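**Q** Below: one structure in structure tokens.
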Amino acid sequence: MLRRVFLALSLAVWLAGCAQLPSSPQPVAVTRAVGQSFVLSGRMAVRHHGERTSVNLRWVHQADGDDILLMAPLGLTVAHIQRNAQGVVLEAGDKRYQETDTERLMDKVIGWHLPLDEFYAWVMARPYPTTPFEIEKNELQQISWLRQDGWAIRYQRFLGAEPDSLPQKMWMKHDDMDLQLVVDEWEMTGQ
């Protein structure tokens with residue numbers, strides 16, 4: 001849509017010849033740092049240890065921590081995860097769990113071993129900066145595959161056609177865990 005508007009404005013300027021029309025804005029590629037803060041709302045389908053689960057997700061990521069709410073499709077809270085420099089707290093039902101390792105705690109309580117330390121970079125279609133990775137790009141120069149730390153991540157759909165577009169749909173696999181994430185809403189909230 002934005003591309004069509006831009007093309008129409010460019011054509012109008014060209015046809016006007018010497019007439020002075022206000023210049024149309026040039027499309028600007030979005031640049032994001034791996035540590036960019038965001039709010040993400042979406043849906044996840046997880047298959048792990050032979051079990052399938054679907055949850056709605058609301059994730060607030062900031063440089064100093066994460067606040068993740070996992071909800072059943074009807075809105076009932078399944079788990080609330082809060083992570084900061086001191087560790088992670090996971091509340092499920094009327095129980096509260098605390099641990100220093102997010103992945104270990106999530107595997108123990110929820111049954112998923114999600115690497116939250118890396119996951120925040122992967123959801124933005126970025127490799128985690130401190131470990132080796134392999135990437136493949138599509139014809140638009142967007143990352144289509146990312147392989148890192150034993151995970152294979154396939155980016156299936158992006159918000160736009162720009163190389164730095166945020167992903168809308170992704171699939172992740174590690175050992176016996178498959179995860180599909182569909183992002184309904186992105187909000188980038190600063191650095």
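**Q** Pick out the one residue from Arg104, Arg96, Arg52, Arg83 that is surrounded by 14 or more Cβ atoms within 10 Å (Cβ to Cβ) and either basic (Lys, Arg) or at positive phi (or both). If you could, list the steps in order and put the result at the bottom.
**A** Details: Arg104 fails: surrounded by 14 or more Cβ atoms within 10 Å (Cβ to Cβ); Arg96 fails: surrounded by 14 or more Cβ atoms within 10 Å (Cβ to Cβ); Arg52 fails: surrounded by 14 or more Cβ atoms within 10 Å (Cβ to Cβ).
Of Arg104, Arg96, Arg52, Arg83, the one residue that is surrounded by 14 or more Cβ atoms within 10 Å (Cβ to Cβ) and either basic (Lys, Arg) or at positive phi (or both) is Arg83.
**Q** While we're on this one: Can you work out which of the residues in the range 179-190 that are loosely packed, with under 15 Cβ neighbours inside 10 Å and not small (Gly, Ala, Ser) is farthest from Gln62 (Cα to Cα)?
**A** Residues of the range 179-190 loosely packed, with under 15 Cβ neighbours inside 10 Å: 184-185, 187-190.
Those still in the list that are not small (Gly, Ala, Ser) too: 184-185, 187-189.
Working: Asp184: 19, Glu185: 17, Glu187: 12, Met188: 10, Thr189: 8 Å.
Among those that are loosely packed, with under 15 Cβ neighbours inside 10 Å and not small (Gly, Ala, Ser), it is Asp184.
**Q** If you don't mind, there's one more thing I want to ask. Just to verify a result, which residue in the range 58-101, among those that are out of contact with any Gly (no Cβ under 8 Å at 6 or more places or on another chain) and β-branched (Val, Ile, Thr), is nearest to Gly190 (Cα to Cα)?
**A** In this case the residue turns out to be Val60.
**Q** Exactly one of (1) under 22 Å from the mean Cα position of the chain (by Cα); (2) outside any helix (DSSP H, G or I); (3) acidic (Asp, Glu) is unmet by Glu91. Its number?
**A** Going through (1) under 22 Å from the mean Cα position of the chain (by Cα); (2) outside any helix (DSSP H, G or I); (3) acidic (Asp, Glu) one by one, Glu91 breaks only (1).
**Q** Assuming Arg58 fulfils every condition listed in (1) modelled with pLDDT under 95; (2) surrounded by 14 or more Cβ atoms within 10 Å (Cβ to Cβ) apart from one, which condition is it?
**A** (1)
**Q** Let me ask another. Does any residue of the range 157-164 turn out to be at negative phi, part of a loop (DSSP other than H, G, I, E, B), touching a strand residue (DSSP E or B) at 6+ places or on another chain (Cβ under 7 Å) and touching a residue at least 60 places away in the same chain (Cβ under 8 Å)? Can you show your working first?
**A** Our first condition is that a residue be at negative phi; within the range 157-164, this holds for 157-164.
Right, trim to part of a loop (DSSP other than H, G, I, E, B) and you get 159-164.
Then keep just the ones that are touching a strand residue (DSSP E or B) at 6+ places or on another chain (Cβ under 7 Å); that gives 159.
Of the ones still in play, those that are also touching a residue at least 60 places away in the same chain (Cβ under 8 Å) are none.
No, the conditions are met nowhere in the range 157-164.
**Q** So for the range 134-148 (the condition being part of a loop (DSSP other than H, G, I, E, B), touching a strand residue (DSSP E or B) at 6+ places or on another chain (Cβ under 8 Å) and within 18 Å of Gln62 (Cα to Cα)), does at least one residue qualify?
**A** No, there is no match, as no residue in the range 134-148 is part of a loop (DSSP other than H, G, I, E, B), touching a strand residue (DSSP E or B) at 6+ places or on another chain (Cβ under 8 Å) and within 18 Å of Gln62 (Cα to Cα).
A quick yes/no check of all residues on (1) at pLDDT 85 or above; (2) assigned by TED's automatic domain parsing to the domain that holds Trp151; (3) farther than 21 Å from Arg52 by Cβ; (4) β-branched (Val, Ile, Thr):
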site: Gly93; (1), (2), (3), (4): yes, yes, no, no
site: Trp112; (1), (2), (3), (4): no, yes, no, no
site: Tyr128; (1), (2), (3), (4): yes, yes, yes, no
site: Phe133; (1), (2), (3), (4): yes, yes, yes, no
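The values are calculated or read from the model by the stated rules, or taken from the named source; none is laboratory data. What you see is a predicted model; the values in this text were computed from it and never measured. Neighbour counts run over all protein chains shown; Cβ positions are idealised from the backbone, glycine included.
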